[in-house]
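Beneath this line is the structure, given in structure tokens, with notes to follow.
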Amino acid sequence: MQPEAYVAHHFPNLQQQEHAARLGMWLFLATELLLFGGLFTAYSVYRFLYPATFALGSEHLSVAAGTVNTIVLITSSLTVALAFFYAHHGRGKAAALSLLVTLGFALVFLGIKAWEWTHDFHEGLLPGRYFSSKELQAVGAPMFFTLYFLLTGLHGLHVVVGMCVLTYVMIQAWRGVYDTGYTTTVELGGMYWHLVDLIWIFLYPLLYLI
Amino acid sequence: MAHSTADSSTEHEQVGRAGASRYWIVWILLLVLTVATFLLSRVHLPSPFHLLVALAIACGKSALVVLFFMHLWDHGGANRIVFLTSIFFVALLVGLVVLDNATRFDLLNPGRGATLQTEPPGPDILTPRYPPEPGSRLDMPSAVEPGRDVPIPPLPK
């Protein structure tokens, strides 16, 4: 199947179709940024109101786990970018293996996140009125953990969605669907994963390194 | 039409032409910046710079991801406008909402309201005020006492 066979009837040629797909993806990512923007606004307001409490609350998070997760996500972004590179050069099997490595990194990320959350649950570091920590007694601490769970939870949800997208792309790449040169699916799926990385790049200093 | 087709064609070629070495270099830069932001957070810079340095490094890292991993460097003008507009509106939202809290009379901010409630307006401003008795709050029936110069409206029932 030649790349031209993928052109939908309402596009004059493949280049136009790819251009439109890319622009649509950027528009979707813009709405994602605005979705996280609401939570970042809430974070900014409450950090402005309780700066000392946020610093205290951040000390109850594991900086080591946050740093390792940052490196894991950055490396998974690299393997996604490499997968696009391989797919674009007609090496579908290499692209699929690269995406498999990415999924492995994503599982490591979620595993570390699950360990962190379990630790927080045992310490009573819970959102809102469920907050019951004995060590951390400060006005605003429940709000810090509300925002922590909302931000990391929404981000974790995006990791899971991204894993589903990349699994689909990986299976298609292994079957050689992208070897003909039509790699827009790999590129756009990869962009979603890079957005997940982008959000985490901001969450890491804002939550763990106050 | 023909012009825009030619543009997208070069865009397509540029996105594909990027060598794998570019991705590895960006990855190494991202790791270096991650270590830098971690180390700088341990130094404990004075208050505003602490946050500003962390945010500046995060912006640099995300610029690398957006430009090279997401290929915005090679993408056309429309994609750049969409991305920059979304960044602009997020900045506007965060900036103006924080500015609202920053320019309020501070006791009206959440978390400070308790201070207002412990100091109800007294009969005059010259006598020193102490923390009020539990019964003398304005919303208590016993607050209606003789000698007050301000008539208290009846509570809505």
Taking 7 Å along the Cα-to-C-beta vector as the label spot, tell me the residue B:22-residue A:20 distance in nanometres, rounded to one decimal. 2.6
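What is the calculated FRET efficiency for residue B:92 to residue B:59, with r their C-beta to C-beta distance and R₀ = 25 Å, to the nearest 0.05? The partial results should precede the final answer.
Numbers: r = 16 Å, r/R0 = 0.65.
Computed FRET efficiency for residue B:92 and residue B:59: 0.95.
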FRET efficiency for residue A:13 and residue A:93, using Cβ-Cβ distance with R0 set to 22 Å, rounded to 0.05: 0.15
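Full extension from residue A:175 to residue A:160: what is 0.36 nm times the residue separation minus their Cα-Cα distance, to one decimal in nm?
3.1 nm
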Take residue A:55 and residue A:122, extend 7 Å from each Cα along the Cα→Cβ direction, and tell me the distance between the two endpoints in nm. 2.9
With r defined as the distance between the Cβ atoms of residue A:110 and residue B:106 and R0 fixed at 51 Å, what FRET efficiency is calculated, to the nearest 0.05? 0.80
I'd like the distance between the alpha-carbon centres of region A:151-210 and region B:43-87, rounded to an integer number of Å. 18
Whole angstrom only: what separates the Cα centroid of region A:111-135 from the Cα centroid of region A:15-76? 21
Sequence ranges A:114-122, B:65-73, A:163-171, B:42-50, ranked by mean other-Cβ count within 10 angstrom, highest first: B:65-73, A:163-171, A:114-122, B:42-50
Unit charges at the beta carbon, dipole of region A:77-140: most positive-side option, A:94, A:108, A:80: A:94
Within 10 Å of each Cβ of B:89-96, how many other protein chain Cβ atoms are there on average? 4
For region A:108-120, in order, what is each residue's ³J(HN,Hα) by Karplus, 6.51 cos²θ - 1.76 cosθ + 1.60 with θ = phi - 60°, in whole Hz (x at glycine and Pro)? 4, 4, 5, x, 5, 4, 5, 4, 4, 5, 4, 4, 5
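Determine the calculated [θ] at 222 nm for chain A from helices alone, applying -39500 (n - 2.57) to every DSSP H run no shorter than 4 residues and normalising by the residue count; nearest 500 deg cm²/dmol. Mind dumping the intermediate values first?
Numbers: 6 runs with 157 residues, N = 210.
Taken over chain A, the calculation gives -26500 deg cm²/dmol.
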Per-residue average of other protein chain Cβ atoms inside 10 Å, peptide A:15-21 -> 5
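We did not get these values from a lab; they are worked out from the coordinates using the rules stated. Source: prediction; values computed, not measured. Cβ sites come from the backbone with ideal geometry, for glycine too, and all protein chains shown count toward neighbours.
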